[in-house]
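Engineer: Quick one: structure below, then a few questions.
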Amino acid sequence: MRMWFGERKYAWGLLGILWIIGCIGALSRFVMAYYQATIAEDFEVGRSFISVAWSSNLLIAAISAPIGGYLVDKYGAKLILITSVIIGAIGSLLVYLFPNPVTFFLAFGLLSGLIGLGATTSFTLVVHWFKRRRGMALTILNSASPLGLALVTPLFIQAEGLTWNVAFLLSSLLSFGLVVPLTTAFMRNGPADKTDSVSDDVTLTVEKKERNRWQNLKHQLSMAISTPVMPIIIMALFACGFHMGTVEMNMVAIHQHAHVSSSQIALAVSLLGLMEVAGSFVFGYMLDKIPRALALAMLYGIRTIGFGFLFLHLDATPVLFSVLFGAAYNTTVPGSLLLAQETTKGSATQTGFLLLFHQGGGVIAALLAGILFDALGNYQLHIALDAFFAVIVSLGFIWLHFYLRKRGSLPN
């Protein structure tokens, strides 16, 4: 078996396919981050409508994540990933073909939210195939979306004819024409897909496998509630989702409210994507070299400083915030999921359950920002909440590191 950097050759090829999927996903992320005002004007609706559609998308994705995790455990990651990609492609195509508020809400706000069924697939596949470089592999994977964002931003802003609805069309065409064929032809579930059974006996009946799967899940839940690991990780993922809802839905609006020029905002969006890529590699390496809890504490500490600059609205804030938050953005979710998986031996179902809290944080942040802005006329309280959550989580991970070290159960 050929090995690259201590891992199977196929593992790196699989990572490449998953990376392409994430990069294509940056198109819809860019649309919602940059074109809110344009979409609202084209549809002759308020921005609150766009916020509700985006929040609905996140909510359905959050609900779908644990369901998808269970389906991954039962049917394998490949089938669920292909299904979620096709659903997303159909949603994007409907938005392009029928550009009106009703279709936008139904196709993007509701249907595309079912992409959450595949939320656990990439994590599950990487954990299956990578043994020594999991942290690096996951952060490389998470660099796909921000790199796509960094590339798409100047392209759509400078080129004529490339609009938000074209982005939805491209997303659909690339999914149908590239992602689905690649995934179908080359992806395999895992080198040892027996995680849904506590026995190596391939003659187990379906009933026994189902019973063993639920026994495993009950065992994982009992382990999770017997230690403080899971509550801290849940809090961290909620905070990360809250930060995501603030940045991806409202960063542009926050800068606009602070009278930042359009050229600076475009620079900030592109720089955010580039720093997410750089941060993925730097902190992905750190996740494999130092205790994960300490690395995560550092990441949330950097986020705290970034939100401090965003709160102050300095002239340099757009650049400083994008550099700091971008560097600390992508590694927190894979780092938290790895820490949970390695300390509680969790399954894809557990991963989906954890992602529910992440997506829930995003939903609350997206809605709360608009409510607070309408009530107070600014985003200051919302930004302060972002900083507060980051501080609490950073301190929580520091405490968790010493707790795990005392018990002699540090995963690395």
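Engineer: Looking at this structure, is A53 in contact with a Phe, Trp or Tyr (Cβ under 7 Å, 6 or more places away or on another chain) and not in a loop (DSSP other than H, G, I, E, B)? Step through it out loud before you land on a result.
Structural biologist: Details: in contact with a Phe, Trp or Tyr (Cβ under 7 Å, 6 or more places away or on another chain): yes; not in a loop (DSSP other than H, G, I, E, B): yes.
The answer is yes for A53.
Engineer: Please work out which residue is surrounded by the most Cβ atoms within 10 Å (Cβ to Cβ), limiting yourself to segment 32-71 and to residues that are closer than 22 Å to I364 by Cβ and among the aromatic types (F, W, Y).
Structural biologist: Checking each candidate, the answer is W54.
Engineer: Follow-up question, since we're still on this one. Is it true that T83 is surrounded by fewer than 22 Cβ atoms within 10 Å (Cβ to Cβ), over 24 Å from A327 (Cα atoms), without any contact (Cβ under 8 Å) to a residue 40 or more places away in the chain and not charged (D, E, K, R)? Don't jump to the end; show me each part of the working.
Structural biologist: Working: surrounded by fewer than 22 Cβ atoms within 10 Å (Cβ to Cβ): yes; over 24 Å from A327 (Cα atoms): yes; without any contact (Cβ under 8 Å) to a residue 40 or more places away in the chain: yes; not charged (D, E, K, R): yes.
Considered against the rule, which asks whether it is surrounded by fewer than 22 Cβ atoms within 10 Å (Cβ to Cβ), over 24 Å from A327 (Cα atoms), without any contact (Cβ under 8 Å) to a residue 40 or more places away in the chain and not charged (D, E, K, R), T83 comes out as yes.
Engineer: Follow-up. Give the number of residues within segment 267-302 that are more than 25 Å from M230 (Cβ to Cβ), open to solvent by less than 20 Å² (accessible area, probe 1.4 Å) and of a type in the set (A, V, I, L, M, F, W, C).
Structural biologist: Counting residues in segment 267-302 that are more than 25 Å from M230 (Cβ to Cβ), open to solvent by less than 20 Å² (accessible area, probe 1.4 Å) and of a type in the set (A, V, I, L, M, F, W, C) gives 3.
Engineer: Return the pairs, sorted by first residue and then second, in which the second residue is part of a helix (DSSP H, G or I) and not β-branched (V, I, T), the first residue lies in segment 104-115 and is at negative phi and surrounded by fewer than 21 Cβ atoms within 10 Å (Cβ to Cβ), the beta carbons are less than 6 Å apart, and the residues are 6+ apart or on different chains.
Structural biologist: Correct list of pairs: F105/A53; L111/G91.
Engineer: Among the residues that make up segment 377-388, is at least one of them open to solvent by less than 50 Å² (accessible area, probe 1.4 Å), farther than 15 Å from I302 by Cα, in contact (Cβ under 8 Å) with a residue 12 or more places away in the chain and touching a helix residue (DSSP H, G or I) at 6+ places or on another chain (Cβ under 6 Å)?
Structural biologist: Yes, some residue in segment 377-388 is open to solvent by less than 50 Å² (accessible area, probe 1.4 Å), farther than 15 Å from I302 by Cα, in contact (Cβ under 8 Å) with a residue 12 or more places away in the chain and touching a helix residue (DSSP H, G or I) at 6+ places or on another chain (Cβ under 6 Å).
Engineer: Further question: Does segment 145-159 include one or more residues that are open to solvent by 10 Å² or more (accessible area, probe 1.4 Å), among the small types (G, A, S), outside any helix (DSSP H, G or I) and farther than 22 Å from E276 by Cα?
Structural biologist: Yes, because at least one residue in segment 145-159 is open to solvent by 10 Å² or more (accessible area, probe 1.4 Å), among the small types (G, A, S), outside any helix (DSSP H, G or I) and farther than 22 Å from E276 by Cα.
Engineer: Continuing with this model, one more query. Of the numbered conditions (1) without any contact (Cβ under 8 Å) to a residue 60 or more places away in the chain; (2) in a helix (DSSP H, G or I), V260 fails exactly one; give the number of that condition.
Structural biologist: (2)
Engineer: With respect to D315, determine if the residue is under 28 Å from L372 (Cα atoms), open to solvent by 20 Å² or more (accessible area, probe 1.4 Å) and among the charged types (D, E, K, R). I'd like the intermediate steps shown before the answer.
Structural biologist: Details: under 28 Å from L372 (Cα atoms): yes; open to solvent by 20 Å² or more (accessible area, probe 1.4 Å): yes; among the charged types (D, E, K, R): yes.
Yes.
Engineer: Regarding D386, is this residue under 21 Å from L125 (Cα atoms) and acidic (D, E)?
Structural biologist: In short, no.
Engineer: Taking the condition of being over 20 Å from L111 (Cβ atoms) and touching a residue at least 60 places away in the same chain (Cβ under 8 Å), how many residues in segment 43-62 meet it? Steps first, please.
Structural biologist: Keep residues of segment 43-62 that are over 20 Å from L111 (Cβ atoms), which gives 44, 46-48.
Still in the running and touching a residue at least 60 places away in the same chain (Cβ under 8 Å): 47-48.
The qualifying residues number 2.
Engineer: Starting from residues that are in a loop (DSSP other than H, G, I, E, B) and on the phi < 0 side of the Ramachandran plot, keep the ones in segment 160-186 and report whichever is most open to solvent (accessible area, probe 1.4 Å).
Structural biologist: E160
Engineer: Looking only at segment 228-239, count how many residues are surrounded by 24 or more Cβ atoms within 10 Å (Cβ to Cβ) and of a type outside the set (G, A, S). Lay out the reasoning, then the answer.
Structural biologist: Filtering segment 228-239 for residues surrounded by 24 or more Cβ atoms within 10 Å (Cβ to Cβ) gives 233, 236-237, 239.
Among the residues that remain, those that are also of a type outside the set (G, A, S) are: 233, 237.
Going through segment 228-239 one residue at a time, the tally reaches 2.
The values are calculated or read from the model by the stated rules, or taken from the named source; none is laboratory data. Note that the structure is a prediction, hence the values are computed from the model and not measured. Every residue, glycine among them, receives a Cβ derived from its backbone with ideal geometry; neighbour counts consider all protein chains shown. Ligands, DNA and RNA are excluded from the accessible area calculation, which covers all protein heavy atoms including side chains. Shrake-Rupley method; radii C 1.70, N 1.55, O 1.52, S 1.80 Å.
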